[in-house]
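Everything below concerns the one structure shown next.
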Protein chains: 2
Amino acid sequence: MMQPIHIEHTSAPKPRPKASDIGFGKYFTDHMFILDYDDGKGWHDARIQPYQPITLDPAAKVFHYGQAIFEGLKAYRTEAGNLVLFRPEMNIKRLNRSNDRMSIPVIDEELVLEALHQLVLIDQTWIPHEPGTSLYIRPFVIATEDMLGVSPSKQYKFMIIMSPVGAYYDEGVKPISIYVESEFVRAVAGGVGHVKTAGNYAAGLKAQEGATLQGCAQVLWLDGVHRKYVEEVGSMNVFFHLGDKIVTPALTGGLLPGITRDSVIHLLRYWGLKVEERLFSIDELVQVQKDGNLKEMFGTGTAAVISPVGSLVWKGETLTIGDGSIGELAAHLYETITGIQTGRIEDPFGWRVVLK
Amino acid sequence: MMQPIHIEHTSAPKPRPKASDIGFGKYFTDHMFILDYDDGKGWHDARIQPYQPITLDPAAKVFHYGQAIFEGLKAYRTEAGNLVLFRPEMNIKRLNRSNDRMSIPVIDEELVLEALHQLVLIDQTWIPHEPGTSLYIRPFVIATEDMLGVSPSKQYKFMIIMSPVGAYYDEGVKPISIYVESEFVRAVAGGVGHVKTAGNYAAGLKAQEGATLQGCAQVLWLDGVHRKYVEEVGSMNVFFHLGDKIVTPALTGGLLPGITRDSVIHLLRYWGLKVEERLFSIDELVQVQKDGNLKEMFGTGTAAVISPVGSLVWKGETLTIGDGSIGELAAHLYETITGIQTGRIEDPFGWRVVLK
């Protein structure tokens, strides 16, 4: 039987940020969810309490050995006034796959869904009303045992915090420029690139610095073995629209199985289009671009949904994708997925979970 | 000019653990060092204060993106009653190489050395007296900005905590059994395996679980590209004594440049022995073992100093190294390095830094 969630309401609600100032991940709602783990006792003391700092011993394992994982999803306010989540069961399953890979005890999936449900409802007034806005939800687990041996922690905290987010594209969807990274590697099969563990993100910061110096917004990651197969763009999955088909890198172990990626594949096939999940090399990418067959390239992820790529920088050359503006398919995917999320259009797959 | 270190002494010294109960990384001394970083202000407010918990926002970047690095070194009590560090300048340089790779601002190396110096002296009574014991010193940096964007943190804490450690080999140096890992990969060139970032250690836990199930103490890591070149053993560097020479994996980017590794190479060459830093495959390892030419294999690291390997498990077969007991060279290296560390023998290289 699922353990109960104890609720302590805040007595001091915080002031709300101005709509124009929301941004991403800067402001947090009035409450958070916590669940503790102790060896021999399991996950216990599920509770929602006022958002507040946490106090840890300086020897807590998360600080030293990075035993930490997270998820990211959003709650949306529909035009009819409902509050919905988008495929949360996918996030919860991936949360536990991440836990398992990082030697963290798995968590009752029903309890996580219930925690998301209750927490969003408690802080529902924090979900902004403006078009394109939403409430970003960040479940995460950290190892808290205060002992310096390199071994799985005997104590953890699973927490959920939430942050209102502004429209990702406040001046319309804009294609970005991408730097093809040849020095640094994000992940390799056999490693942890296929799960959402904290260290993957710190490892990518250095390459991002280089991309910025090249005037690019993000990095295109190549695989760590052959240094030629495309894996991800920034921290998004990536799709290529070539002639009459769409290609996306296969899940070979070095890249994250994104939920937006999965949704895009579903939609494309639902529309009768041909999708290939396979190895796709930078050489093939350059070739189809030179042949004029690369119609579109776009990233997919929870934050941006669809992020069209306008140009690529590779070996000192700038390659323009299509005509450099957002492609037809990217635009249609963006409209459809955000439409399903916000209730603007029909949901043929049962992806919306209505909270109220 | 180096910034001053403000000192606040504890008014409540903690009880000391019994010598027999010390273990590794379980008890912490009375004081710790802290240095804060804020964007635009740099590293500031160097201070030693009573050991105490730290309070962070749940959105602190270290919890989500693993922007965290550490070092490990020891303070020794010599037979003459001096307190010494072993090659601390090597740890401090590596600390900043780790910082740089993880997009963390580098720290004044002179200040770090001074902080180590003062902190060890303040808590000097925590250094145990029994043979083989020491005070383990853990400098580390964590990203503390409370913002969920994937970008380098604008705030950090650099801290040093210390823990008395018991004799690693309380019943004499014992060879360990090693499981050759073929599924999981620790690191790959272009990634972060050559620096001491937190995420590397969490990523290795799953393989360690498998080794334990196979009755082995540690994992032998193979490279992530060819899946055949030996890289590290557990979280130690590794050496092979073959015929008249010693082989250790070259620093190809996937393994940590250990300070004990460097000291071992120095000593072996000082003794007139031939050391090869090169690629060394599991196939070559198995072949020399089968040919009877593998005299010794041992790991090197700060915790164990020298850790002889007695046997290897590879493809269901158990290969015994030498006669399964500690080899002559491993024993001589262990005696020499611990001898230099504790002042029992001469220090021809100036590796000891005497604090008092």
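Net charge in the neighbourhood of B:TYR179 (other residues with Cβ under 14 Å of its Cβ; Lys, Arg +1, Asp, Glu -1) is -2. Across peptide A:191-199, the mean count of Cβ atoms from other chains lying within 10 Å of each residue's own Cβ comes to 6. Among A:PHE158, A:PHE239, A:PHE63, which one shows the highest mean-square fluctuation when chain A is modelled as a Gaussian network with alpha-carbon springs under 10 Å? So, out of A:PHE158, A:PHE239, A:PHE63, the one fluctuating most is A:PHE63. Between A:LYS245 and A:SER281, residue separation times 0.36 nm minus the direct Cα-Cα distance comes to 11.3 nm. With the gyration tensor restricted to C-alpha atoms of the range A:176-341, the semi-axes of the equivalent ellipsoid amount to 22, 19, 15 Å, longest first.
What FRET efficiency do you get for B:GLU79 and B:ASN293 if R0 is 35 Å and r is their Cβ-Cβ distance, rounded to the nearest 0.05? Once the sixth-power term is evaluated, E becomes 0.35.
Residues considered: B:THR125, B:THR342, B:THR252. Largest GNM mean-square fluctuation over chain B, using C-alpha springs under 10 Å, is found at B:THR125. When you filter the GluC sites (Glu not before Pro) in the range B:260-338 for DSSP loop state and at most 10 other Cβ atoms inside 10 Å of their Cβ, nothing is left. Of all the options A:LEU116, A:LEU319, A:LEU222, the one that moves most in a Gaussian network model of chain A with Cα springs shorter than 10 angstrom is A:LEU319.
Here the range A:176-341 is assigned +1 on the Cβ of each Lys and Arg and -1 on the Cβ of each Asp and Glu. Its dipole about the Cα centre then comes out at about 280 debye. Note on the range A:140-226: Kirkwood radius taken over Cα pairs, Stokes-Einstein applied at 20 °C and 1.002 mPa s, translational D equal to 131 µm² s⁻¹. Divided by 2.2 N^0.38 Å, where N counts the residues, the Cα radius of gyration of the range B:43-122 comes to 1.30. In order along the range A:250-257, phi translates into HN-Hα couplings of 5, 7, 8, x, x, 10, 7, x Hz, rounded to whole numbers, per the Karplus curve 6.51 cos²θ - 1.76 cosθ + 1.60 with θ = phi - 60° and x for Gly and Pro. Working from label points 7 Å from Cα in the Cα-to-Cβ sense, the A:ALA331 to A:ARG227 distance is 4.0 nm.
Measuring between their Cα centroids, the range B:47-66 and the range A:128-143 lie 23 Å from each other. Once the C-beta distance of B:THR55 and A:GLN49 is scaled by a Förster radius of 22 Å, the resulting FRET efficiency is 0.90 to the nearest 0.05.
Of the trypsin sites (Lys or Arg not before Pro) found in the range B:1-50, those that fall in a DSSP loop while having at most 13 other beta-carbon atoms within 10 Å are B:LYS18, B:LYS41. The Rg/Rh ratio for chain B is 0.97, where Rg is the radius of gyration of the alpha carbons and Rh is the Kirkwood radius. Other residues with beta-carbon under 10 Å from the beta-carbon of B:TYR51 carry, at +1 per Lys or Arg and -1 per Asp or Glu, a net charge of -2. Between A:ALA167 and B:LEU273, the simple spin-label model (points 7 angstrom out along Cα→Cβ) gives 6.9 nm.
Expressed in units of 2.2 N^0.38 Å, where N is the residue count, the Cα radius of gyration of the protein assembly as shown is 1.00.
For A:LYS154, the aspartates and glutamates whose Cα comes closer than 12 Å to its Cα, not counting residues fewer than 8 places off in the same chain, are A:ASP36, A:ASP38, A:ASP39, A:GLU145, A:ASP146. Measuring from the axis that maps chain B onto chain A, the chain B residue with the nearest beta carbon and its rounded distance in angstrom come out as B:GLY199, 1. Taking the C-alpha atoms only, the angle from helix B:259-270 to the longest principal axis of chain B is near 50 degrees. Computed over the range B:103-175, the percent of Cα pairs more than 20 Å apart is 51. Only helices enter this figure: runs of n ≥ 4 DSSP H residues, each worth -39500 (n - 2.57), summed and divided by the residues of chain B, yield -7000 deg cm²/dmol at 222 nm to the nearest 500.
Report the residues of the range A:104-126 in range of a label on A:LYS41: point 7 Å along Cα→C-beta, backbone N strictly under 18 Å from it. Label zone hits: A:105-108.
Summing +1 for each Lys or Arg and -1 for each Asp or Glu, what net charge is found among the other residues whose Cβ lies under 9 Å from the Cβ of B:ASP30? The answer is 0.
Against chain A, whose longest principal axis is taken from its Cα atoms, helix A:88-101 shows a tilt of about 80°. For the residues of A:146-155, the average number of beta carbons from a partner chain within 10 Å of their own beta carbon is 5. Projecting the Cα atoms of A:ILE176, A:PHE158, A:TRP221 onto the charge dipole of the range A:87-221, computed from C-beta unit charges around the Cα centre, puts A:TRP221 farthest toward the positive end. Judged by the mean number of other Cβ atoms found within 10 Å, the most tightly packed of the peptides A:103-110, A:301-308 leads the ranking A:301-308, A:103-110. Its alpha carbons give the range B:6-165 an Rg and a Dmax of 16.2, 53 Å. Sorted shortest first, the separations between the B:SER325 label point and its copies elsewhere in the assembly read 8.2 nm; each point sits 7 Å from Cα along the Cα-to-Cβ line. For the range B:1-81, the C-alpha radius of gyration sits at 1.41 times the compact-globule guess of 2.2 N^0.38 Å, with N the residue count. Remark: spin-label model distance A:ARG16-B:GLU209 equals 4.3 nm, labels positioned 7 Å along the Cα→Cβ axis. Distances between equivalent label points of A:PHE24 across the copies, with each point positioned 7 Å along Cα→Cβ, amount to 4.0 nm, shortest listed first. The range A:236-289 gives an Rg/Rh value of 0.96, both radii derived from C-alpha positions and Rh following Kirkwood.
Label point of A:GLU183 (7 Å along Cα→beta-carbon): distances to the other copies' equivalent points are 3.6 nm, sorted ascending.
For the pair A:ASP323 and A:ASP347, a Förster radius of 41 Å applied to the C-beta separation gives a FRET efficiency near 0.80, rounded to the nearest 0.05.
Where a number appears in this text, it was derived from the coordinates with a stated rule and is not lab data. Small disclaimer: the values here were computed from a predicted structure and weren't measured. Note that we place each Cβ from the backbone using ideal geometry, even for glycine, and neighbour counts take in every protein chain shown.
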